[in-house]
Amino acid sequence: MSDVIKLLPSHIANQIAAGEVVQRPASVVKELIENSIDAGATKIELVAKDGGKTLVQVVDNGCGMSDTDARMSFERHATSKIANADDLFKLQTKGFRGEALASIAAIAHVQLKTKLHEAELGTEIVNEGSDVVSQEAVMCPNGTSIAVKNLFFNVPARRNFLGKNTTEYRKVLDEFLRVALVHPEIEFKFHHDNEEIYNLPKSNRRQRIVHLFGNAYNQRLVPVNEETDIVKISGYVTKPEYSKSKPDQCFLFVNNRFFKDRYLNHAISSAYEGLIPSGKYPPYFIYFEVPTKSIDVNVHPTKTEIKFEENQAIYAFLRSAIKQALGQFNVAPTIDFEQENSFNTPKLGKNETVQIPEIKVNPDYNPFKSTKSSGTGVTGNTKTTGFSQIKPQKEDWENFYGEAKTEELKKDQHNELTFSSSIDEQEVSAGVEQKKPFQIKQKYILSAVKNGFILIDQYRAHMRVLYDELIKEDQQPQVQKLLFETRMPIEDVDRTIWNELLEPINNLGFEVVLDKGELIISGQPVMAGDQNPVTLLEGILEAYKISEQDDSVEIKTKLAVSLASGMAIKGGTVLTTEEMEHLIDALFASTSPQYSPRGKKIIETFTLEEIVKRFN
Ligand code: ADP
Ligand code: MG
């Protein structure tokens with residue numbers, strides 16, 4: 001038999017290689033924009049048609065190419081970015097394999113125009129399926145423009161495999177977001193089907209996020225920062241209440257490259273545990289910086305998975321950085337706790353006007369740093385509400401209340417108000433002088449704070465307090481023995497569930513054993529007061545069944561949430577002033593006063609500034 005092995009002609013080799021690099025229009029977008037960034041561009045414009053199937057064009061003001069380089073750039077393994085293997089380990093550029101342009105040219109019509117800054121003329125090359133159709137000198141702006149038309153024109157099987165225009169557009173957009181988020185220093189424009197999608201000025205990360213996702217994000221973002229020997233973590237997470245039902249705004253980057261990592265996603269969701277319901281995803285934008293040698297650089301060109309050497313440590317750092325960020329943020333964000341005197345307006349002269357005080361946020365302030373409640377020691381009257389078990393240390397948040405706690409209520413406030421168009425002193429100080437909290441509709445507690453007032457949802461607040469007590473790691477909730485043992489019949493179908501739940505329930509302060517078809521209950525958490533244990537346990541079972549499918553939340557957490565919700569005082573319960581004060585104290589000593597364990601808002605803040613505005 002004669003020899004059968006032949007070398008593949010290069011255009012076929014390129015087509016095969018293209019299959020790896022170019023799956024869809026979005027891959028072209030990624031490769032072209034990355035090349036522009038590597039070329040040092042400060043302005044990049046993306047134009048796409050029909051989800052990129054008909055056209056993907058990227059125009060940059062980067063360094064451009066000489067006419068020889070322009071020709072070379074379409075050759076496989078042609079790259080200006082590495083010269084030898086050692087370079088691989090100090091890569092600063094996004095590309096290095098020299099495959100992208102060759103691959104793209106193999107399966108599309110490509111028009112390249114490029115000009116070096118110092119050159120008078122540029123070069124235009126037209127390429128169709130790896131064949132150079134023409135090359136000539138042309139007048140063109142500095143930088144490079146590459147238009148990729150009719151993707152897969154010569155590979156119908158792949159063309160047919162593409163999704164609808166809207167699907168491909170969505171992927172193009174994702175790719176655009178991923179690079180725009182890591183390069184706020186670059187100006188980006190994006191047009192699709194003749195419509196301007198984005199026009200992004202040079203900015204910083206925070207502004208870039210806001211430009212991409214909307215002004216509302218400015219209020220939602222919580223900065224995250226952590227620096228250790230092995231990793232630097234920065235970026236933003238969002239407040240729990242703005243979680244979404246899809247994880248489509250969850251971005252992880254390492255050394256300015258987007259990547260996916262389920263393990264690290266889990267670190268983030270676990271930092272939100274108890275703050276958001278399961279099935280919700282907080283948007284996040286997390287940037288890792290690690291030494292290039294500690295990740296595998298020789299990744300597949302389109303691969304978004306990256307392996308860290310120190311995966312576990314990074315998990316722990318990330319989780320704690322986010323927990324800390326959320327914790328610091330949690331108390332009444334629009335009020336500056338440490339700004340003393342801001343509303344102690346002095347008596348004014350006749351023609352002086354009052355300056356509206358500035359309200360600032362101090363991002364470093366951590367209201368929780370020393371407010372761990374000191375055990376469940378029950379003293380005196382244990383009311384059903386269980387408030388008296390929490391003994392917060394007040395120093396940290398009492399600034400928040402300021403004079404509201406100490407000053408006497410001015411009884412004749414109304415008589416003293418004068419008709420005046422400017423803000424007068426009475427109005428400014430009125431908010432801080434109401435001393436006691438009071439209830440609205442037996443559902444909300446209104447409490448004056450130094451710079452305004454807050455409304456607290458009493459049910460959610462109490463749920464937060466109870467939940468924290470239940471979930472404490474160092475000790476179990478105290479048990480109170482029931483006067484009479486209670487028997488609770490259970491259904492056969494639920495028996496296996498009860499078997500599984502028995503231990504965690506007992507860890508939450510119950511004393512329950514399973515005896516054939518019955519639960520025998522001899523004790524329940526002190527916190528539950530005189531509530532009916534059977535009702536509480538039924539509630540736990542129901543809640544557990546509903547959340548059973550969700551493996552991301554620990555069983556103890558699930559049970560604690562449902563137990564806390566069962567035990568918490570409901571709307572419609574009248575509270576004494578003392579009980580309200582207890583509840584507020586306990587709430588502010590909790591791990592997360594702003595949000596209930598189900599991620600619902602507990603406190604709404606009304607600043608003096610907002611109040612003043614309403615009277616304008
Ligand atoms: P790689 O980026 O891996 O080097 P590519 O095939 O993407 O390979 O590009 C090949 C070469 O073409 C690059 O190394 C670079 O020298 C040049 N090049 C590609 N795009 C541009 C651009 N927009 N501006 C300047 N040079 C470019
Ligand atoms: Mg490249």
Just the residues that are within 18 Å of ALA78 (Cβ to Cβ) and in a loop (DSSP other than H, G, I, E, B), please, taken from the stretch 98-127.
GLY98, GLU99, ILE107, ALA108, LEU116
Does any residue of the stretch 108-118 turn out to be over 30 Å from ILE12 (Cβ atoms), at pLDDT below 95 and of a type in the set (D, E, K, R)?
yes
Of the numbered conditions (1) hydroxyl-bearing (Ser, Thr, Tyr); (2) in contact (Cβ under 8 Å) with a residue 12 or more places away in the chain; (3) within 20 Å of ILE104 (Cα to Cα), THR166 fails exactly one; give the number of that condition.
(3)
What number of residues within the stretch 194-232 satisfy the criterion of being outside any helix (DSSP H, G or I), over 19 Å from GLN324 (Cβ atoms) and open to solvent by less than 70 Å² (accessible area, probe 1.4 Å)?
7
Closer than 19 Å to LEU173 by Cβ and at pLDDT 95 or above - does that describe any residue in the stretch 2-25?
yes
Out of the stretch 242-279, which residues are in a loop (DSSP other than H, G, I, E, B) and closer than 20 Å to ASP174 by Cα?
SER243, SER245, LYS246, PRO247, ASP248, GLN249, ASN255, ASN256, ASP261
Determine whether ASN84 is modelled with pLDDT under 95 and open to solvent by 10 Å² or more (accessible area, probe 1.4 Å).
yes
Quick check: is even one residue across the stretch 312-324 out of contact with any Asp or Glu (no Cβ under 9 Å at 6 or more places or on another chain) and modelled with pLDDT under 80?
no
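The values are calculated or read from the model by the stated rules, or taken from the named source; none is laboratory data. Everything numeric here is computed off the predicted structure, so don't read it as measured data. When we count neighbours, we look across all protein chains shown, and the Cβ atoms used for this are built from the backbone with ideal geometry, even at glycine. For the accessible areas, the whole protein counts, side chains as well, though only heavy atoms, and no ligand, DNA or RNA atoms are used. Shrake-Rupley method; radii C 1.70, N 1.55, O 1.52, S 1.80 Å.
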